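Following: one structure in structure tokens, then a few remarks.
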Amino acid sequence: MLIFGTRTKTKFIAALFFTCHLCRITAAQRLHRRRTWFTLFFLPIFPFGHGQDFMACAHCGQATALARPDAERFAADATHYEAQRRSTETLH
């Protein structure tokens, strides 16, 4: 007896602080990637497609879909700002 199916997993990628275009409050905007996986005996084996990227506001909770290039730019900006923050912490 084979047990197979699909499972959708959401992974946190990065976060930046800026004004939400929906609620107009400056809060953390979190980037997530949702992917659907083929499962065998409840274990994820391989993903279907590239997944769906979305940004969610920490204040209002509204999610906005992002195109892959925009999501990659968001993640790169978050990495840049985090490295910048860490370098200023080591100076003080």
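The values are calculated or read from the model by the stated rules, or taken from the named source; none is laboratory data. Quantities reported herein were computed from a predicted structural model and do not represent experimental measurements. Reconstructed Cβ throughout: ideal geometry from the backbone, glycine too, with neighbour counts over all protein chains shown. SASA here: full protein model, heavy atoms, side chains in, ligands and nucleic acids out. Shrake-Rupley method; radii C 1.70, N 1.55, O 1.52, S 1.80 Å.
Looking at (1) of a type outside the set (D, E, K, R); (2) in contact with a helix residue (DSSP H, G or I) (Cβ under 8 Å, 6 or more places away or on another chain); (3) surrounded by 10 or more Cβ atoms within 10 Å (Cβ to Cβ), can you tell me which one residue 44 breaks?
(2)
Quick one: residue 30 ticks every box in (1) surrounded by 15 or more Cβ atoms within 10 Å (Cβ to Cβ); (2) modelled with pLDDT under 95; (3) on the phi < 0 side of the Ramachandran plot except a single one, so which number is it?
(2)
Only one of these is aromatic (Phe, Trp, Tyr) and either open to solvent by less than 50 Å² (accessible area, probe 1.4 Å) or modelled with pLDDT under 90 (or both): 12, 54. Name it.
From the options 12, 54, the qualifying one is 54.
Which one of these does residue 45 not meet: (1) at pLDDT 90 or above; (2) within 28 Å of residue 25 (Cα to Cα); (3) among the β-branched types (Val, Ile, Thr)?
(2)
Report yes if some residue within the stretch 61-82 is out of contact with any Asp or Glu (no Cβ under 9 Å at 6 or more places or on another chain), surrounded by 11 or more Cβ atoms within 10 Å (Cβ to Cβ), basic (Lys, Arg) and in a strand (DSSP E or B); otherwise report no.
No, the conditions are met nowhere in the stretch 61-82.
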